[in-house]
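Throughout, read-outs are computed from the coordinates displayed, never taken from laboratory work. Being a predicted model, the structure only gives us computed values, none of them experimental. Virtual Cβ from ideal backbone geometry, glycine too; neighbours counted across all protein chains shown.
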Amino acid sequence: MNTQPAAPDPVDVALRVLLEQPTYAAQTALAAAELLDADATAPMTYLHCEHVIDTAAQTVLGHLPDVVSRESLDRLYAALPSIDGVTRGEYALRFRAAARGL
């Protein structure tokens, strides 16, 4: 009689790991938040937001097919709140909050 537990199915393990990873949109939001933290006390502007998203997207999405990148960016932009006179550090918190929903 074999009392050792059965080895987990490799497909189940791979799927579990895949499903536990943040989406590409969330990864891009988190990367953007990290970039904003570098100058957290500066005022947030639309231009800087675009620059940060572009830089984060190039890092996270640059190796992916265009359709995946575009869908991820569309989801990210749809989840972002408006920029209303906050600092970059405060907006980094908003990126992180948005990432949880992506």
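Of all residues in the stretch 17-37, those being among the hydrophobic types (A, V, I, L, M, F, W, C) and surrounded by fewer than 22 Cβ atoms within 10 Å (Cβ to Cβ) number 6.
One residue stands out among those in the stretch 19-42 that are of a type in the set (D, E, K, R) and over 13 Å from the mean Cα position of the chain (by Cα): the one that is nearest to Val68 (Cα to Cα), which is Glu20. Scanning the stretch 76-102 for residues that are of a type outside the set (Gly, Ala, Ser) and within 10 Å of the chain's Cα centre (by Cα) returns Leu76, Phe95, Arg96, Arg100, Leu102.
Here is a yes/no grid of residues against (1) under 13 Å from Tyr24 (Cα atoms); (2) surrounded by 17 or more Cβ atoms within 10 Å (Cβ to Cβ); (3) of a type in the set (D, E, K, R):
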| position | (1), (2), (3) |
| --- | --- |
| Cys49 | no, yes, no |
| Asp54 | no, no, yes |
| Ala57 | yes, yes, no |
| Leu64 | yes, no, no |
| Val68 | yes, no, no |
| Ser72 | yes, yes, no |
| Leu76 | yes, yes, no |
| Asp84 | no, no, yes |
| Leu93 | no, no, no |
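In the stretch 38-47, what residues are charged (D, E, K, R) and loosely packed, with under 12 Cβ neighbours inside 10 Å? Once the filter is applied, which keeps residues that are charged (D, E, K, R) and loosely packed, with under 12 Cβ neighbours inside 10 Å, the stretch 38-47 yields nothing.
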